[in-house]
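Beneath this line is the structure, given in structure tokens, with notes to follow.
The values are calculated or read from the model by the stated rules, or taken from the named source; none is laboratory data. This is a predicted model, so every value here is computed, not measured. Cβ placement follows ideal geometry from the backbone for every residue including glycine, while neighbour counts extend to all protein chains displayed.
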Amino acid sequence: MIRLFEQHIVRKQKELEGIWHFATEEGKSYNLSVPGCWEQHPELLNYRGKGTYIRKITINQKTNIRLEFKGVSHTADVFFDDKFVVHHYNAFTAFSGIVTGVVAGEHIIRVEVDNSFSEASALHVPNDYYTYGGFNRTVVLEEINDIYIKNVHFEPYRDKDTWKAKISVDVENLSDENIEADINITLADKKFGQKGMFENNSVSSVEFAESFENVKEWFVLKPELYLLGVELKCGDTVIDDLIDRVGFREVSIDGRKLLVNGKRVFLKGFNRHEDYGTLGSAVPFQVMLQDIQMMREMGSNAVRTCHYPNDERFLDLCDEQGLLVWEENHARGFDLEKMMNPNFDRQCKDCIDEMIYQHFNHPSIVIWGILNECASETEAGREKYMMQYEQIKSLDTSRPTTSATCRHFKDICLDLPDVVSFNMYSGWYEDISVKEKHEKEMIWIDSVAGKEKPVIVSEFGAAAMYGFRDRGHCKWSEERQADIIRENLEVYKEDDRLTGTFIWQFADCKVTEEKWFSTRVRCHNNKGVVDEYRRPKEAYDVVKELFPMMGE
Ligand code: ADA
């Protein structure tokens, strides 16, 4: 499955899922699944390094092809008939490559994949989640003309009692000639369009501003979605199309409140890693659906994509279920030394560019996050936070920004984001009263945030080993985890200054043995309220009892 709705009627598109031939650096060969992580193969459980995937395709008539890789972990170099096509770093954003003038017959796609740790990888490092190897998401083959629709952005806003939208269509002209064509849009029973002259060998944008009477707004847990169809017409022939799915909703801030369509919302949910049992980060669609159904059963209305952009099918599900999403760029726990890696700024910039360019239209995304628990207590770190917030605002002014800090009482960046968020593990890493620590934190935040802002407790929780029960409620028992989550939720439930809280975490996830083995039993982060196979721990029912008592 590529998306939860058909993206094309005219453009030919197919998924290149199935068996690809794989070889390690040492030349050992395997047949592996795409999508799939190579660690799923019993001989590659701990393989970290380079590997080559090969797949043959057959083209029936001369055409241009576009290959879209939804996620390759973590670095990919793509070749088509031994000709270099595209390079990409980062497992969590999509990328594509185009080959023009492909003749009919059999062709070979080769993808050199690398999940090793080195200075070349500033974001994928030994961490409290695992960097797998392979195709964590699927691959799509498309046949396109010399001119095609590259992307469409939809930005809704209310103007008094009318919904309006700014729509921007990116068209790429691959030929050496300028091409005139019509762009026609269908949305919510309305049709409109304009002619465009598309310059050779370039990407041009066509802008629209339209009003939409009689549409229903998208709201938390009350979603309304519309298909946005774009057609590219040369003369009387529609030569390309692109369909996306949008919602009419607007996000704003009023003092401490986060508003959707002018109504206050309270985000209550989970931090969720893309990781499942023996499948690693190649999480199947049915597990994504199960995760959301379990989070909803516990009363969640939100989810945080810790700590990287997520699979767009998961975001499609959030759009359909009316969940509120905090999506963030790829970063976890970098001290200043790591932030000074010569590749860090560029790799963060690319990730933010791709995250917003690819996920802009999802109504469920209501906040963009950056740099989880990085060096926000340093001046040099502040420069990077400032640069990344400015980058986000240059790409999207329709959503607020935030960052989850753990630099308590020393963070010097809280004046920068629209929403202040902090991670707090009272009761787990510190045996301290949650209420007492929370009050101190809130007073400090107000003293340094520059003005009253919405505040989110972006992480809290405790570890428990699935199945370990102890009537004394000792640490690592399911009972103790349930007690700590209860104490936290009881405090946050009563604090009207908060606009949200996310439990760390939804499910247990694998971590890198290097660096983390000493504090992570069985090389997992065991703070899930379900284990990596989605088996609920006792805390599941505590959340199910208390979340419904918290604001919507
Ligand atoms: C941090 C971090 C999470 C996880 C958590 C923990 O807050 O943001 O990724 O590592 O701590 O389990 O300690």
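Does Asn90 meet the test of being in contact with a helix residue (DSSP H, G or I) (Cβ under 8 Å, 6 or more places away or on another chain), in the same structural domain as Cys37 (by TED's automatic domain parsing) and at pLDDT 95 or above? Don't jump to the end; show me each part of the working.
Working: in contact with a helix residue (DSSP H, G or I) (Cβ under 8 Å, 6 or more places away or on another chain): yes; in the same structural domain as Cys37 (by TED's automatic domain parsing): yes; at pLDDT 95 or above: yes.
Yes; evaluated as a whole, the condition is true for this residue.
Residues in region 338-346: is at least one within 16 Å of the ligand (Cβ to nearest atom) and under 13 Å from the mean Cα position of the chain (by Cα)? Steps first, answer last, please.
Looking only at region 338-346, we keep the residues that are within 16 Å of the ligand (Cβ to nearest atom), and these are 338-339.
If we keep only those that are under 13 Å from the mean Cα position of the chain (by Cα) as well, we get none.
Taking every residue of region 338-346 in turn, none turns out to be within 16 Å of the ligand (Cβ to nearest atom) and under 13 Å from the mean Cα position of the chain (by Cα).
Anything in region 212-226 that is surrounded by 14 or more Cβ atoms within 10 Å (Cβ to Cβ) and either modelled with pLDDT under 95 or not charged (D, E, K, R) (or both)? List them, or say none. Outline the logic, then answer.
To start, the set of residues in region 212-226 that are surrounded by 14 or more Cβ atoms within 10 Å (Cβ to Cβ) comprises 212, 215-220, 223-226.
Listed by number, the residues that qualify are Phe212, Val215, Trp218, Phe219, Val220, Pro223, Leu225, Tyr226.
Looking only at region 265-309, how many residues end up being among the charged types (D, E, K, R), assigned to a strand (DSSP E or B) and away from the ligand (no atom under 16 Å from the Cβ)?
Going through region 265-309, the residues among the charged types (D, E, K, R) turn out to be 268, 272, 274-275, 291, 296-297, 304.
Filter once more, so that each one left must be assigned to a strand (DSSP E or B): 268, 304.
Of the ones still in play, those that are also away from the ligand (no atom under 16 Å from the Cβ) are 268.
Count: 1.
Among Ile109, Ile54, Ile98, which is crowded, with 22+ Cβ neighbours inside 10 Å, in a strand (DSSP E or B) and not assigned by TED's automatic domain parsing to the domain that holds Phe285? Explain how you work it out, then say what you get.
Values: Ile54 fails: crowded, with 22+ Cβ neighbours inside 10 Å; Ile98 fails: crowded, with 22+ Cβ neighbours inside 10 Å.
Within the list Ile109, Ile54, Ile98, the selection yields Ile109.
Could you list, in sequence order, all residues of region 270-319 that are in contact with a strand residue (DSSP E or B) (Cβ under 9 Å, 6 or more places away or on another chain) and of a type in the set (D, E, K, R)?
Across region 270-319, the qualifying residues are Arg272, Glu274, Asp275, Asp291, Arg304, Asp316, Asp319.
Any chance region 123-140 includes a residue that's out of contact with any Gly (no Cβ under 8 Å at 6 or more places or on another chain), assigned to a strand (DSSP E or B) and hydrophobic (A, V, I, L, M, F, W, C)?
Yes, region 123-140 contains a residue that is out of contact with any Gly (no Cβ under 8 Å at 6 or more places or on another chain), assigned to a strand (DSSP E or B) and hydrophobic (A, V, I, L, M, F, W, C).
Residues are listed down the side, and each one gets a yes or a no for (1) surrounded by 24 or more Cβ atoms within 10 Å (Cβ to Cβ); (2) part of a strand (DSSP E or B):
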site	(1), (2)
Asn488	yes, no
Val491	no, no
Asp496	no, no
Gly500	yes, yes
Glu514	no, no
Ser518	no, no
Gly528	yes, no
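Could you tell me which residue of region 76-95 is surrounded by the most Cβ atoms within 10 Å (Cβ to Cβ), considering only residues that are among the hydrophobic types (A, V, I, L, M, F, W, C) and over 17 Å from Gln358 (Cβ atoms)?
Filtering region 76-95 for residues that are among the hydrophobic types (A, V, I, L, M, F, W, C) and over 17 Å from Gln358 (Cβ atoms), the one surrounded by the most Cβ atoms within 10 Å (Cβ to Cβ) comes out as Val78.
With under 30 Å from Asn46 (Cα atoms) and either in contact with a Cys (Cβ under 7 Å, 6 or more places away or on another chain) or within 16 Å of the ligand (Cβ to nearest atom) (or both) as the only criterion, which of Asn525, Asn488 stands out? Walk me through how you get there before you give the answer.
Details: Asn488 fails: under 30 Å from Asn46 (Cα atoms).
Exactly one of Asn525, Asn488 is under 30 Å from Asn46 (Cα atoms) and either in contact with a Cys (Cβ under 7 Å, 6 or more places away or on another chain) or within 16 Å of the ligand (Cβ to nearest atom) (or both), namely Asn525.
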